[in-house]
Amino acid sequence: MDCGGGNNDVQAELDSVEAELDLVELQIADLLQKQSELTARKNALLCQLEEACDAAHPSASSSSSSSSSKASGDVSVMSKQEMQRYDGADFEWSKDVEQHLKDSFHLSKFRPLQLRAINLTLAGRDLFLVMPTGRGKSLCYQLPAVCSKGVTLVITPLLSLMEDQVMFLKSIDVSAVMLNSSSSKEHAKTVLAGLTDPKASFKLLYVTPEKIAKSKLLMSRLEKAYNANLLSRIAVDEVHCCSQWGHDFRPDYKLLGILKRQFPKVPLLGLTATATSSVLKDCEKILCVSQPIVLTASFNRTNLHYEVRIKDSDNEASINDIASTIKNRYKDQSGIVYVFSQKDAESVASELQNRDILAYPYHAHMDPVDKSRVHRKWTAGKIQVVVATVAFGMGIDKSNVRFVIHHTISKSIENYYQESGRAGRDDRPADCIVYYGFSDIFRISTMVVMESVGQQKLLLMVDYCQNVDRCRRSIMAVHFDEVWDNKGCNQMCDVCRNQKDFSTMDITQHARQVVQIIEVASSMDEKLTPLKLVEAWMGKGPAKRRKLIETTTLSRQQVEAVIVYLLVKGYLKEDFSFTPYTTYIYMKLGHKAPLLKSQTHTLSMKMKMKTTESGSAVKAAIAKNKTKEGKRSVQSAGDAPVGQAAKETSAVKANEEEVDITFDPVVMDNSCPPQPKQKLFKEQRNLSRKQDSETDKWAERIKKQLADRHGEEEEEGKKKRPIMPQHVVHVDVEINTVDNVGVCDGEETPAHPVKPCSKRKSTTPQRARRKPRAHAAAPDVPSQSPGCDTATNTAPSSPSQASIMSETAAEELCHLRNYYSKQLRRINYISHEYLGQPAQPGVLACIREPLRSLRLPSRVTISQTARSLWTRVSGRRKLVHR
């Protein structure tokens, strides 16, 4: 036996050591991940310092034109000094470039990196250009196309982008054509013939990647143009779509590598506004480009103001906020509202139209003619707002867009940066507002679950939205591998403008509560959706689970913020369940959840407190005012004249269907009792419902069994009992009762005093349910002492009056209660003999809650209530005897 006990101790210690080792391994993995991130950041900073030093070298005569940019390439391909030579205007094509810049494009000068990119592509070099939206990427292939012999092939991912570019070029008398699925056969035949014609009328041909992948006729004509030296260059717009690591991966982009293999002497120019170094390396392999030159401009758009707003769970409220912002801040100014789905585009546009805002939807399933019409009218200023999915806007060239509002968060920081970048292309101030909602996270999560890094990118976007202490631009800078100083923001984001509007909160205990809830649900073979997890933590859900978990006192907004924070940091994770019709998301413990079992592990987050506190204060003030008004109405109803009391009673009934009132304990003597105390109605109703939820089904079964018996007793009771007033106040009678209740302050003993039937005080709250009645007859109330001023025919508006039903009913209830008390004590004694001494007093504790939770329909007499109570008691006693 001792040997067995020793083995058990050793096994227990071994299990403990293994569990501790698992925690240590998790901590090591976490630290290694942080080390990797910091090392990568360090290397990026060192590169930035090195380039800054090179730019400050005296020999860098042209460094001023790219002071805000970064140029990087393989050292063996091109040195720094040679790279800076392409900022000059001493090339053979420089005069044509300057002339067409002024005459065709009506521009006086280049923006940073534009001239360098143009000179490189005209020199026949392969180039990747990363430049913010609205900084003039399109000019880097449009101007060289005008200055070159032959045709420039431009691959773009969206029809709207094609239409926008061709419409702009035609407006400045630059000939451009496009081929897509909507092109007619005659138009396609003319365009394909022009590819091999040295005197072709067009300089740019826009096609989709699908056209390259599927049209053998197009590829044959391109090959002929290449052999005739009429294919001057290939421009791949939105080149990040090639990479699966990119935020907008398109499968057909992966097939574009055929272009460089078939036409190796044609320079390729890849353009994007959002691409990290890993994405560019992936694009280099996919497009079969060997050692391209990479030019990267600063991501910062100084004229854009970034803001994140908490999205109200009520869709009507969020639409009202958007409409109010557009009307008050952007009257008669153009903007875009991005939404999650095509259905949202239709509904939000309709809601904005109902609020007198000229808004039209734009999404992929619209008729092409309708899409083109909306696009043209919005560009011309005839439509103020386009409510669109991501199908609209990539490459849109409208300079006076004053706002871009995201009704739902984007699926990645890259997407958001590019979509919001459609604002303020004229360098005037513009606003980029995103509405961040808890449920939206999981809607988007089901959409990106199939993408290789979709979840990872979405969580980075969520982290951007939930951040309350870091400059919005600094988060973008880290994401795009750029050094950032917060002074560069110049208070052009909501965080920098409200730097002290947050506080640090220790959420270690909160996190453990969330983990406990998921563990309890898992032990019961239950799965919790994000919404169910929120409700369970706030005390809702099945009673059997509520007994095993700790609920929180945080507000709903704080609860959602904590759960999202745990999801972002890896303490929770999503689990997906697929059906033929939809995808469900359930919450599970993440890989970091075991760390919370260690007492030394702590977790804290920064959270906005101003909005929450003000909201709580407002709610508390409203509740307090309601309580005061309720007390005044209850107290004045007993002392007011007949007309006034009737008016106040009708007013209360019209506004409140159910009122919970708690009485003070009353000692049963002949003195006048104190006035009732009224507490917060909503809180008490919720508490009572939680306590009653376990027994509602059981009570319903008992009621069905007694239905026939009640019918017979009701007919007999009508002959014996006094006539009771109807439609007054329905009282749920409980086993603890008040035997004698006065009518008003200073009242003497009633004409028919009720003898005290127990020394025990009543501690159970009673409920008075008031229902609005259009014509409620005033009931007859027994006569009162002459010293009271209250009218005798007033409808009872307080529980103290409702308790005085009749002398006979009160006496019957008193006698029945004495009898039941004796029986309960007897059952309690028997249960001690059969069941032993429990932690609580016998079966009495088991049946106390069912007795309290009894619910009776209207017109049920007190005698029937008592008989129903006794039926329960008898049933419990039979179970004990068995």
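The values are calculated or read from the model by the stated rules, or taken from the named source; none is laboratory data. Predicted, not measured: the structure shown is a model, and the values here were computed from it. Note that we place each Cβ from the backbone using ideal geometry, even for glycine, and neighbour counts take in every protein chain shown.
Of the set (1) of a type outside the set (A, V, I, L, M); (2) touching a strand residue (DSSP E or B) at 6+ places or on another chain (Cβ under 8 Å); (3) closer than 12 Å to ARG125 by Cα; (4) modelled with pLDDT under 90, all apply to PRO267 but (4). Take the conditions of a type in the set (S, T, N, Q) and farther than 28 Å from ASN300 by Cβ and apply them to GLN333. Does it pass? No; evaluated as a whole, the condition is false for this residue. Selection of segment 485-521 for residues being under 30 Å from LEU280 (Cα atoms) and either touching a residue at least 40 places away in the same chain (Cβ under 8 Å) or under 21 Å from the mean Cα position of the chain (by Cα) (or both) yields GLY488, MET492, CYS493. Name the single residue that is surrounded by the fewest Cβ atoms within 10 Å (Cβ to Cβ) among those in segment 471-512 being more than 20 Å from ASN300 (Cβ to Cβ) and touching a helix residue (DSSP H, G or I) at 6+ places or on another chain (Cβ under 6 Å). By that ranking, first place goes to ASP501. When segment 572-592 is filtered for residues that are surrounded by 14 or more Cβ atoms within 10 Å (Cβ to Cβ) and polar (S, T, N, Q), only THR583 remains. For beta carbons closer than 9 Å, sequence separation of 6+ or different chains, a first residue in segment 104-130 that is touching a residue at least 60 places away in the same chain (Cβ under 8 Å) and a second that is among the acidic types (Asp, Glu), the qualifying pairs are SER104/ASP173; LEU113/ASP87; ARG116/ASP87; LEU120/ASP126; PHE128/GLU284. Residues in segment 209-259 that are at pLDDT below 90 and in a loop (DSSP other than H, G, I, E, B): SER215, GLU238, SER243, GLN244, TRP245, GLY246, HIS247, ASP248, PHE249, ARG250.
Listed here are the residues, each with its yes/no results for (1) out of contact with any Phe, Trp or Tyr (no Cβ under 7 Å at 6 or more places or on another chain); (2) outside the structural domain of ALA380 (by TED's automatic domain parsing); (3) closer than 19 Å to ALA89 by Cα.
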| residue | (1), (2), (3) |
| --- | --- |
| SER108 | yes, yes, yes |
| ARG111 | yes, yes, yes |
| LEU120 | no, yes, yes |
| GLY134 | yes, yes, no |
| LYS149 | yes, yes, no |
| MET162 | no, yes, no |
| PHE168 | yes, yes, no |
| ILE172 | no, yes, no |
| VAL177 | no, yes, no |
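The set of residues in segment 340-358 being crowded, with 20+ Cβ neighbours inside 10 Å and farther than 19 Å from GLY381 by Cα consists of PHE340, ASP344, ALA345, VAL348. For segment 260-275, the tally of residues that are surrounded by fewer than 19 Cβ atoms within 10 Å (Cβ to Cβ) and not in a helix (DSSP H, G or I) stands at 2.
Output the residue which, of all residues in segment 553-571 that are of a type in the set (Ser, Thr, Tyr) and surrounded by 19 or more Cβ atoms within 10 Å (Cβ to Cβ), is nearest to LEU458 (Cα to Cα). In this case the residue turns out to be TYR565. Is one or more of the residues making up segment 219-238 surrounded by fewer than 18 Cβ atoms within 10 Å (Cβ to Cβ) and closer than 23 Å to GLN418 by Cβ? Within segment 219-238, not a single residue is surrounded by fewer than 18 Cβ atoms within 10 Å (Cβ to Cβ) and closer than 23 Å to GLN418 by Cβ.
Within segment 407-421, which residues are in contact with a strand residue (DSSP E or B) (Cβ under 7 Å, 6 or more places away or on another chain) and not hydroxyl-bearing (Ser, Thr, Tyr)? HIS407, ILE409, GLU419 - these are the residues of segment 407-421 that are in contact with a strand residue (DSSP E or B) (Cβ under 7 Å, 6 or more places away or on another chain) and not hydroxyl-bearing (Ser, Thr, Tyr).
In segment 182-196, the residue that is farthest from SER138 (Cα to Cα) out of those that are assigned to a loop (DSSP other than H, G, I, E, B) and without any contact (Cβ under 8 Å) to a residue 24 or more places away in the chain is SER184.
Report yes if some residue within segment 415-430 is within 30 Å of PRO530 (Cβ to Cβ), touching a residue at least 24 places away in the same chain (Cβ under 8 Å) and in a loop (DSSP other than H, G, I, E, B); otherwise report no. Within segment 415-430, none of the residues are within 30 Å of PRO530 (Cβ to Cβ), touching a residue at least 24 places away in the same chain (Cβ under 8 Å) and in a loop (DSSP other than H, G, I, E, B). Determine whether VAL348 is without any contact (Cβ under 8 Å) to a residue 24 or more places away in the chain and assigned to a helix (DSSP H, G or I). For VAL348, the condition - without any contact (Cβ under 8 Å) to a residue 24 or more places away in the chain and assigned to a helix (DSSP H, G or I) - is not met.
Being under 45 Å from the mean Cα position of the chain (by Cα), closer than 27 Å to CYS241 by Cα and among the polar types (S, T, N, Q) is a condition met by no residue of segment 166-179. Restricting the search to segment 325-345, which residues are of a type in the set (A, V, I, L, M, F, W, C), in contact with a Phe, Trp or Tyr (Cβ under 8 Å, 6 or more places away or on another chain) and outside any strand (DSSP E or B)? Within segment 325-345, ILE326, ALA345 meet the criteria.
Please determine, by comparing only the residues of segment 513-523 that are surrounded by fewer than 21 Cβ atoms within 10 Å (Cβ to Cβ) and in contact with a Leu (Cβ under 9 Å, 6 or more places away or on another chain), which one is farthest from LEU572 (Cα to Cα).
Result: SER523.
Looking across segment 282-339, the residues that are among the hydroxyl-bearing types (Ser, Thr, Tyr) and surrounded by 16 or more Cβ atoms within 10 Å (Cβ to Cβ) come down to THR296, SER298, TYR306, SER318, THR325, TYR330, SER334, TYR338. Of the residues making up segment 162-180, those that are assigned to a helix (DSSP H, G or I) and touching a residue at least 24 places away in the same chain (Cβ under 8 Å) are MET162, GLU163, ASP164, GLN165, VAL166, MET167, PHE168, LEU169.
Residues are listed down the side, and each one gets a yes or a no for (1) modelled with pLDDT of 90 or more; (2) outside any helix (DSSP H, G or I); (3) over 18 Å from ASP506 (Cα atoms); (4) touching a strand residue (DSSP E or B) at 6+ places or on another chain (Cβ under 7 Å):
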residue	(1), (2), (3), (4)
GLY541	no, yes, yes, no
LEU554	yes, yes, no, no
VAL559	yes, no, no, no
VAL564	yes, no, no, no
TYR581	no, yes, yes, no
ILE585	yes, yes, yes, yes
LYS588	yes, yes, yes, yes
HIS601	no, yes, no, no
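Are any of the residues in segment 438-446 in a loop (DSSP other than H, G, I, E, B) and of a type outside the set (D, E, K, R)?
no
With respect to the stated conditions, ASP282 fails to be more than 22 Å from the chain's Cα centre (by Cα) and part of a loop (DSSP other than H, G, I, E, B).
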